[in-house]
Structures are given as C-alpha cells and as structure tokens.
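A quick write-up on the structure given underneath.
The values are calculated or read from the model by the stated rules, or taken from the named source; none is laboratory data. Predicted model only: the values in this text are computed from it and were never measured. Virtual Cβ from ideal backbone geometry, glycine too; neighbours counted across all protein chains shown. For the accessible areas, the whole protein counts, side chains as well, though only heavy atoms, and no ligand, DNA or RNA atoms are used. Shrake-Rupley method; radii C 1.70, N 1.55, O 1.52, S 1.80 Å.
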Amino acid sequence: MASEVRRSEAERSFGIERALIGEHPTIVKLRALIERVAPTDVTVLITGESGSGKEVVARAIHSSSPRRGRSFVPVNCAAIPHDLLESEMFGHERGAFTGAAGARHGLFSTADGGTIFLDEIGEMPLPLQAKLLRVLEDGVVRPVGSDRAARVDARVMAASNSDLASAVKKQVFREDLFYRLQVVPIVIAPLRERRSDIPLLIDYFLERLRTRPVARDLSISRDAMVHLWSYDWPGNVRELENMVERLAILCDGAVIDTSILPPNLVANLRVAEPRIPTSLADGGVNLNMLVRELEGRLINDALKQTGGNKQAAARLLGLKRTTFSAKLRRCGVIAAAAGDGRGES
C-alpha cells in the first residue's frame with residue numbers, strides 16, 4: 001500500500017491527463033466540476049463504470065487542491081478482506097487480534113493532511129460503514145483494540161461502479177452514509193457515450209508510447225479508426241489504452257491497420273438496425289428513442305462513407321453542417337478522426 005501512496009509525479013500527471021482528455025460536452029463539464037470542487041474539502045462520490053477513470057479523477061481533484069503536497073491514499077475496499085479492512089483503515093493496537101504483533105497506524109492516519117480515496121465503497125461491510133460514518137462526522141479514528149481516539153484531518157473521496165442508491169433500497173448500504181458521501185456527486189460518462197473523444201485519446205496514447213520500449217512513430221489507418229470508433233469499449237478508457245499498446249506492439253510497419261485488430265472489434269463494426277415497429281403495441285412505443293437510433297445509424301454510415309468528413313456527411317444527409325454537428329453530439333456516435341478535421345468533435 002505504501003508503494004501506491006508514493007507514486008511518482010510523472011505517473012500521477014499521466015493519469016490525470018488521461019482522465020480529462022476530450023472535447024465532448026460531458027468531459028468539458030467534468031473538468032469544470034473538478035476545478036470548482038478541488039479548492040474545497042467537500043466529500044465527493046465518484047461513480048462510473050470500471051475503467052472510466054474514477055481514481056484518476058480523484059487524483060486530479062487532489063492534485064489541484066491545497067492538499068496536493070500531502071499524501072493521496074487509495075484504498076480498494078473490494079480487494080482487502082472484510083475482517084482486515086477496519087484495521088487497514090483505522091489501525092490497531094498490539095494484541096488486538098491474532099497476528100497483531102505490534103501497533104499499526106491505519107490508512108486514515110497516513111492520509112492525515114491529505115486525501116483518502118475509498119474505491120469500491122459499495123463493497124464495505126455494513127458494520128464498518130457505521131464506523132466510517134462516525135469518522136466523517138467527528139474527524140476522529142479509533143484503532144482496533146484501543147480505547148483512545150485520535151483526530152485526523154483527511155479529505156474523503158469515494159467511488160463506486162455500482163448503483164449505491166439501489167444498494168440503499170436493498171439495505172446493503174447505509175442511507176445516512178450514502179448522503180454523507182455524495183455531498184458532491186461526480187458521474188463519469190462511459191466512453192461509448194463520448195465516442196468523438198476516441199481519436200483524441202488514441203493520438204494521446206500513441207504519443208505516450210513514443211517514450212516506451214516500443215517507441216516509434218505510429219499512425220492509424222482510417223479503416224482501423226472506424227472500427228475503433230464503432231466498438232462499445234465495455235472497459236472504457238483503460239481498455240482503449242491497453243488496446244492501443246497491444247496494437248503498437250503487434251504492428252510491423254508504421255501504420256496500424258485492420259489486419260491486426262482483434263476479431264471482436266472487426267465483428268462489432270456494423271451498427272445494429274433499429275427495430276421499427278409496423279404498428280403500435282399495447283404499451284405504445286418510444287418515438288424519440290426510435291428517431292434517435294435511426295439518426296445515429298445514418299450519421300454513422302455517412303461518416304464512414306466520407307472518411308470522417310463532417311461537411312461531406314452533412315451533404316449526404318441533406319443537412320446543414322451546424323444541424324449535423326448538433327445531431328452528432330446528441331446521438332453520441334462517431335466523429336471525424338480523419339478528413340477535414342474542422343468543426344466540433
């Protein structure tokens with residue numbers, strides 16, 4: 001755990017940049033929210049799918065805060081056995097339990113003056129949730145086996161890739177703790193909802209790889225970019241980063257093309273045809289959703305045919321370029337990775 005606390009400045013900087021790259025409205029709003037929240041000590045709850053960048057967003061907040069000169073302490077609540085989690089967080093006295101040969105400071109004490117980041121907070125057992133709530137309210141921790149409490153000054157940020165509101169309803173997560181944690185909720189959009197940022201992220205990762213052992217100038221073909229556009233990236237930015245590194249290693253020449261793409265990316269290229277009902281069912285239909293789905297498919301096809309040229313794609317669809325760009329953002333489909341390179345992403 002200490003090695004995680006002492007990550008190099010270069011690693012932290014890279015993670016923060018990776019989390020915040022993009023021009024999609026959701027990432028622009030995320031950067032603005034981080035800027036507003038960072039100077040405060042408010043508790044933050046970050047939610048998003050695995051690989052979307054919850055920890056790097058937390059690091060960005062810490063690195064822009066007055067606490068940036070002190071420790072950032074990440075705690076993966078799902079990775080530590082439940083019977084050891086309390087000791088890891090709050091510390092213990094000698095002889096507090098079998099194997100406790102000496103006293104130990106907990107991670108809250110390590111984070112004193114800095115920030116503690118509780119990842120996968122939804123995995124924390126209910127009894128420990130009550131003790132965490134007390135720490136949040138009083139600012140004191142009590143080591144396991146001790147009758148003395150110690151005051152700590154640690155900013156708390158938490159994250160979850162599950163729906164904590166549903167967990168509250170199922171009574172597996174405390175309602176009072178939920179509301180205490182999400183003083184400021186931050187939701188990170190999955191990569192598939194901001195596809196227009198994929199080319200920017202790919203360019204960034206390729207640039208970073210030039211400093212690695214696989215270093216060389218690499219580019220990506222237009223066809224390969226279209227495949228990467230169309231994939232849903234269930235592992236989000238982390239999966240995309242790993243894929244770019246994989247392709248860079250496997251590439252024999254200077255251009256990454258479709259020949260080295262994995263089968264799941266190639267097979268996933270076609271956008272599903274919208275199922276348009278021929279008559280109204282008893283429960284009706286969601287007309288707005290159907291229209292958006294059809295618009296998204298046609299915009300996707302037009303961009304593929306024009307190699308990502310928005311102006312040409314707009315002409316294919318009989319739209320003004322401004323109207324086309326607005327529909328592109330609303331539908332969350334691909335945007336220009338090659339072609340004229342002009343206009344919004």
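Tell me, what are the semi-axes, in whole angstrom and largest first, of the equivalent ellipsoid of the stretch 59-210 as set by the roots of 5 times the Cα gyration tensor eigenvalues?
Three semi-axes, in Å: 32, 20, 15.
Stretch Tyr179-Thr43 to full length: gain in nm at 0.36 nm per residue minus the Cα-Cα span?
This chain segment gains 47.9 nm when fully extended.
Take the Cβ-Cβ distance between Val266 and Asp217 as r, set R0 to 30 Å, and report the resulting FRET efficiency rounded to the nearest 0.05.
0.75
What order, most packed first, do the peptides 233-243, 315-325 have when packing is the mean number of other Cβ atoms within 10 Å of each residue?
233-243, 315-325
Might you work out the accessible area of Cys77 for me, using a 1.4 Å probe with all protein chains in place, and round it to the nearest 10 Å²?
0
Can you give me the orientation-averaged projected area of the convex hull built on the Cα atoms of the stretch 151-227, in nm²? Present the calculation step by step, with values, prior to reporting the outcome.
On the way: hull surface 39.1 nm².
Result: a mean projected hull area of 9.8 nm².
How much net charge surrounds Leu206 when only other residues with a Cβ under 11 Å from its Cβ are counted (Lys, Arg +1; Asp, Glu -1)? Mind showing how you got there, number by number?
Details: positive: Arg208, Arg210, Arg212, Arg216; negative: Asp203, Glu207, Asp217, Glu241, Glu245.
Net charge in that neighbourhood comes out at -1.
Kindly rank 174-187, 147-160, 113-126, 44-57 from highest to lowest mean number of other beta carbons found within 10 Å of each residue.
The densest-packed peptide leads the list: 44-57, 113-126, 147-160, 174-187.
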